[in-house]
Amino acid sequence: MNILVFGKDGQLGKAFQGAFEAQKFGASHDIQYVGRAQCDLSDADAVMNLLHETQPQLIFNAAAYTAVDQAEQEIDLAYAVNANAPAIMAQYAVKEGATLVHYSTDYVFDGTKATPYLETDARNPLGIYGKSKAAGEAAIEDAFRNNRNPQAQFAILRTSWVYGDGGNFIRTILRLAKEREVLKIISDQHGAPTSSAWLAGISLLMALGEDGCIKSFPSGIYHAVPNGQTTWHGLATLAIQSAMDAGVQFKVDAKAIQPILTAEYSLPAPRPMNSRMSTDKLRSLLVKPGSANAFINEFQFPEWENMVREYVHRLVATGAV
Ligand SMILES: NC(=O)c1ccc[n+]([C@@H]2O[C@H](COP(=O)([O-])OP(=O)(O)OC[C@H]3O[C@@H](n4cnc5c(N)ncnc54)[C@H](OP(=O)(O)O)[C@@H]3O)[C@@H](O)[C@H]2O)c1
């Protein structure tokens, strides 16, 4: 089977390489990892040509324009990568009977809801990045609206606060904690930090069976985040404490990280205050007939704290901190 992974140099794209290597069926697939150098997603012709040349039956689109603040200036580019390219992938999937797994974000919501967001809640993005990602979701849904090809299907996995092999909040905080004695971190935005390795693993679990064949699932949006929630302040505190537990010394003490409000920290693009997303829909999809819900809850959706601790310990062990 031909599998195409877009975004090979990003956090999620890199995680796919490890996730496939961990699968016994990896070798039986022809997996192509594509980065910007092989296909610029802002070039519609390049995307179409690549799809028609490689004829993938399964596409993971881990590429995206993710520079949230810069997007306020680079509107056309953000839309080309985040909306137009996924639209082309979806049109290809409908025509050729392929499976498209695409990724989206908590930023499609305005964050005013008091409880975790459901897949059925209305999109109402605040900034250009969120608007371009929301347009990507809508474009995929549009392409599939009149789909008559029973083999064509899509999943949009909405996730939040991703960390992995690449630049991310945790790495930034660990660097700043070595340089500064005082750290002020936002404490009134709520969400779930998500490991890119976990997200790649759950994507494979959703899309491929144990035999390595594509699984059929109801097309639609699924929220994909680990268990629990925190704030950026809570995440920074745990990351620094975990590194200290592993022997790293910082200028700032984990207990001396000062909480501040979003209103006190000005950024070009607005952020949702509530990024919490219910994962009930994905959990029920992954429950195997005959297996217990508890298994899925405990093993497939671990607590975010455990994964952050593991991640930080790995950063320390590899000398990245
Ligand atoms: N990071 C987060 O906190 C977060 C939160 C919620 C949702 N998400 C979503 O999760 C998915 C994965 O995010 P991530 O954290 O892995 O992002 P990332 O680390 O920023 O990686 C994005 C990748 O997309 C590639 N890309 C950007 N513009 C491109 C273009 N014009 N042509 C080809 N490739 C291009 C980048 O290429 P270069 O390496 O060449 O720049 C990069 O490798 C995305 O859909 C994102 O919207 C992320």
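Structure above, values below:
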| item | result |
| --- | --- |
| Ranking by accessible area, most exposed first, for Glu179, Glu96 with a 1.4 Å probe | Glu179, Glu96 |
| Debye equation applied to the C-alpha atoms of the chain, log10 I(q)/I(0) at 0.07, 0.08, 0.11, 0.16 Å⁻¹ | -0.27, -0.36, -0.69, -1.45 |
| Under-5 Å amide H pairs with Phe154, H placed in peptide plane, nonlocal only | Leu100, Ser219, Gly220 |
| For the stretch 133-148, 3J(HN,Hα) per residue [Karplus equation, 6.51 cos²θ - 1.76 cosθ + 1.60, θ = phi - 60°, Hz, x = Gly/Pro] | 5, 5, 5, x, 4, 5, 5, 5, 4, 4, 4, 8, 4, 10, 5, 10 |
| Lysine pairs with alpha-carbon atoms under 27 Å apart, the stretch 73-183, spacing 8 or more or separate chains | 4 |
| Phi to ³J(HN,Hα) by Karplus 6.51 cos²θ - 1.76 cosθ + 1.60 over the stretch 278-283, Hz, x for Gly, Pro | 6, 10, 4, 5, 5, 4 |
| DSSP beta bridge pairing in the chain, given as percent antiparallel to the nearest 5 | 10 percent |
| For the stretch 150-301, size of Cβ-based charge dipole, Lys and Arg +1, Asp and Glu -1, in debye | 220 debye |
| Solvent-accessible area, 1.4 Å probe, carbon plus sulfur percent, for the chain | 50 percent |
| Theoretical ellipticity at 222 nm over the chain - DSSP helices of four or more residues, -39500 (n - 2.57) apiece, nearest 500 | -11000 deg cm²/dmol |
| Debye, to nearest 20: dipole size of the chain, +1 on Lys, Arg Cβ, -1 on Asp, Glu Cβ | 460 debye |
| For the stretch 172-292, alpha-carbon Rg over 2.2 N^0.38 Å | 1.38 |
| Among Ala135, Ala197, Ala177: highest mean-square fluctuation, GNM of the chain, C-alpha pairs under 10 Å | Ala177 |
| Rg [Å, one decimal], Dmax [Å, integer] - the stretch 1-118, C-alpha atoms | 15.4, 47 |
| Karplus-derived HN-Hα couplings along the stretch 61-73 (A = 6.51, B = -1.76, C = 1.60, θ = phi - 60°), whole Hz, x at Gly and Pro | 9, 8, 8, 6, 7, 10, 7, 4, 6, 5, 4, 4, 9 |
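The values are calculated or read from the model by the stated rules, or taken from the named source; none is laboratory data. Nothing here was measured: the structure is a model prediction, and the numbers come from that model. Because the Cβ atoms are built from the backbone with ideal geometry, glycine has one as well, and the counts that use them run over all protein chains shown. These area figures cover heavy atoms from the full protein model, side chains too; ligands, DNA and RNA do not enter into them. Shrake-Rupley method; radii C 1.70, N 1.55, O 1.52, S 1.80 Å.
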